[in-house]
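Comments concern the structure below.
The values are calculated or read from the model by the stated rules, or taken from the named source; none is laboratory data. Here the structure is a predicted model, which is why all the values come from computation and not from measurement. Heads up, the Cβs are rebuilt from the backbone with ideal geometry, glycines too, and the neighbour counts pull from every protein chain shown.
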Amino acid sequence: MLQLNDTQKAMIEMVREFVEKEVIPVADELEHADEYPEAIVEQMKEMGLFGITVPEEFGGIGETLTTYALTVVELARGWMSLSGVLNTHFMGCYLINRFGTDEQKQSLLPRMSTGEIRAALAMSEPEAGSDVQAIRTKAIADGDDYVVNGQKMWLTNGLRSGVVMTLVKTDPEASPAHKGMSMLIVEKEPGNPQPAPGLDVGKNIGKLGYKGVETTEMNFADYRIPRTSLLGEQEGQGFRQVLDGIELGRVNVAARAVGVSTRAFEEAIKYAQERKAFGKTISEHQAIQIHLAEMGTTLEAAKLMLYSAAEKKSQGERSDLEAGMAKLFASEACNEIVLKSLRVHGGYGYSKEFTIERLYRDAPFLLIGEGTSEIQKTVIARRLLERHKL
Ligand SMILES: Cc1cc2nc3c(=O)[nH]c(=O)nc-3n(C[C@H](O)[C@H](O)[C@H](O)COP(=O)(O)OP(=O)(O)OC[C@H]3O[C@@H](n4cnc5c(N)ncnc54)[C@H](O)[C@@H]3O)c2cc1C
C-alpha cells in the first residue's frame, strides 16, 4: 500500500539492521532486569532517531509521521520499550514545533533533535487519566512566574527527560474546564530526582511489562516557573494542544502494536515448524494452522490501518478518526496475537527462556496508553455520528 521514497527505505533498512544486531540479542535480558538500555539509546541518538520529524532548520531529519511510524514498528519488533523512549519525546517535539513561540523553538528543538535533551509528557494524575479535564495541578500567575502545585502520575521518561510538557490549570474555575487548561514547558536536569526547589520526580512505578523505560510520578509544591515557559505563551490552549499531540501518540501505539504483533507472529511460525508432536511438526496440525492464519490476517489488517492513519496525518488532514481506529484495532489485535503465539509455544511460551513471554506482558499496555480502548470507541463513535449526521 505504501510507496516509500528512497529516504524512507534507507531509514527503515538502517533501523531494521540495528534492531537485528544490537537490540534483539539483548532485549530479553535487559527487560527481565528492568535495566535502562543506555547503550542502545546512545546509538539511537547517533542514528538521528530523536529528530526524525523535527524540521531540518532545527537540526532534525524533517521526515513525515509515516516514516516515524515505520521506524517505531521496527523498534517495537525488537523491544517495545524503545518506542516508549521515543514516543513522549516525539510528542514534545511536535507540540513545541506546532504551538511554540519562535524563541521556544530556537532554544529547545536543536537540542531535542539530537536527543541531547529528551521530552516527557505529564498529563495524567492519580485521580485523572481518561477524564483529562479533571486534572487538578494548578499554575497560578504571580508576577513574571507561575506557581505550580499538584501531582502528576505515569510519566514515561519522567526521570531522564530534560523537558516535561506539563498540562495544568491556569484557571481552575473555568467552565467548561478545558478553557482554563494550559501547557507548561518544564525544563529540568535529566536524571536528577529533585532538580529544583518544589519539583520532585517521585518514585519509579513497578510494572507488569514495558520495563527498562522508567515510569514515574512528578510532584509540584510551590514550584516557580517563568511565564515565558507557557507553550505558545497563550493561556487556555492546553487541552486542544494535548489532544493534537495524543493523535500522534495513537499512531505511535498502533505502530508499536504492529511491531510487537510482527515479532509474536514470527516467533510462532518459526516455532511451529520446529516443534514436533504426534510424529509431525505442530505446523502440520490444522489447529495450529488456524492460529497462524488468524494471526497473519489480523496483523495484515492492523498494518493497513496504521499506514492509512499515518499517511492521512502526514498529509496534514484531520485524522482523529483514523488514528483512533488504528490504535483500537492494532492494540486489540496485538493482544489476540500474543496470546495465540503463546498458545502455539505450549508450555515453553510460559517460560522466560522464550521471547513470547515478554511480548505477552508488554501487549496489555497498548490497550491503555494514549487512551484506553473504551475511550477510543467513544471518540470513534462521536466522529462517525458527526460524519453521518441526519
Ligand atoms: C505504563 C504506563 C505509561 C504511561 N505513560 C504516560 C505518560 O507518559 N504521560 C501521561 O500523561 N500518562 C501516561 N500514562 C497514563 C495513561 O494515559 C492512563 O493510564 C490512561 O489514560 C487511563 O487512565 P486511568 O489509568 O486513570 O484509567 P481511568 O480513566 O480511571 O479508567 C479506568 C477504566 O474506566 C474506563 N473508563 C473511564 N472513563 C470511561 C468512559 N467515559 N466510558 C467508558 N469507559 C471509561 C477506562 O477505559 C478503564 O477501563 C501511562 C500509563 C501507563 C500504565
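Scanning segment 248-264 for residues that are buried (at least 24 other Cβ atoms within 10 Å of the Cβ) and among the polar types (S, T, N, Q), which turns out modelled with the lowest pLDDT? Going through the qualifying residues, I end up with Asn252.
Here is the figure for segment 128-141: residues that are more than 8 Å from the ligand (Cβ to nearest atom) and surrounded by fewer than 18 Cβ atoms within 10 Å (Cβ to Cβ) total 6.
Among the residues of segment 108-116, some residue qualifies, meaning at least one is more than 28 Å from Val379 (Cβ to Cβ) and among the hydroxyl-bearing types (Ser, Thr, Tyr).
What are the residues in segment 7-34 that are charged (D, E, K, R) and within 19 Å of Glu46 (Cβ to Cβ), if any? Within segment 7-34, Glu13, Arg16, Glu17, Glu20, Lys21, Glu22 meet the criteria. Of all the listed residues (Arg382, Arg361, Arg387), the sole one being more than 16 Å from the ligand (Cβ to nearest atom), surrounded by fewer than 18 Cβ atoms within 10 Å (Cβ to Cβ) and of a type outside the set (A, V, I, L, M, F, W, C) is Arg387. Scan segment 26-47 and give yes if some residue there is more than 16 Å from the ligand (Cβ to nearest atom) and on the phi > 0 side of the Ramachandran plot, otherwise no. No. Scanning segment 62-78 turns up no residue that is within 12 Å of the ligand (Cβ to nearest atom), over 18 Å from Glu187 (Cα atoms) and in contact with a helix residue (DSSP H, G or I) (Cβ under 8 Å, 6 or more places away or on another chain).
When Glu35 is tested against (1) under 27 Å from Met305 (Cα atoms); (2) in contact with a helix residue (DSSP H, G or I) (Cβ under 9 Å, 6 or more places away or on another chain), only condition (1) is not met. Name every residue in segment 267-285 that is touching a residue at least 12 places away in the same chain (Cβ under 8 Å), part of a helix (DSSP H, G or I) and surrounded by fewer than 23 Cβ atoms within 10 Å (Cβ to Cβ), in order of residue number. If the condition is that a residue be touching a residue at least 12 places away in the same chain (Cβ under 8 Å), part of a helix (DSSP H, G or I) and surrounded by fewer than 23 Cβ atoms within 10 Å (Cβ to Cβ), then Glu267, Ile269, Tyr271, Ala272, Ile282, Ser283 are the ones that fit. The set of residues in segment 218-246 that are farther than 15 Å from Val168 by Cα and acidic (Asp, Glu) contains only Asp244. Across segment 142-170, which residue is farthest from the ligand (Cβ to nearest atom) among those that are in contact with a helix residue (DSSP H, G or I) (Cβ under 8 Å, 6 or more places away or on another chain) and acidic (Asp, Glu)? The qualifying residue farthest from the ligand (Cβ to nearest atom) is Asp144. Would you call Thr67 under 19 Å from Glu311 (Cα atoms), of a type in the set (Ser, Thr, Tyr), in contact (Cβ under 8 Å) with a residue 40 or more places away in the chain and part of a helix (DSSP H, G or I)? In short, yes. A single member of Ala76, Ala27, Ala39, Ala69 is surrounded by fewer than 19 Cβ atoms within 10 Å (Cβ to Cβ), among the aliphatic types (A, V, I, L, M) and modelled with pLDDT of 95 or more, and it is Ala39. In segment 344-351 there is no residue that is in a helix (DSSP H, G or I), within 16 Å of the ligand (Cβ to nearest atom) and not assigned by TED's automatic domain parsing to the domain that holds Ala27.
Counting only strands (runs of 3 or more DSSP E) wholly contained in segment 103-194, the ones carrying 2 or more residues that are farther than 30 Å from Gln43 by Cβ occupy 138-142, 145-156, 163-169, 181-187.
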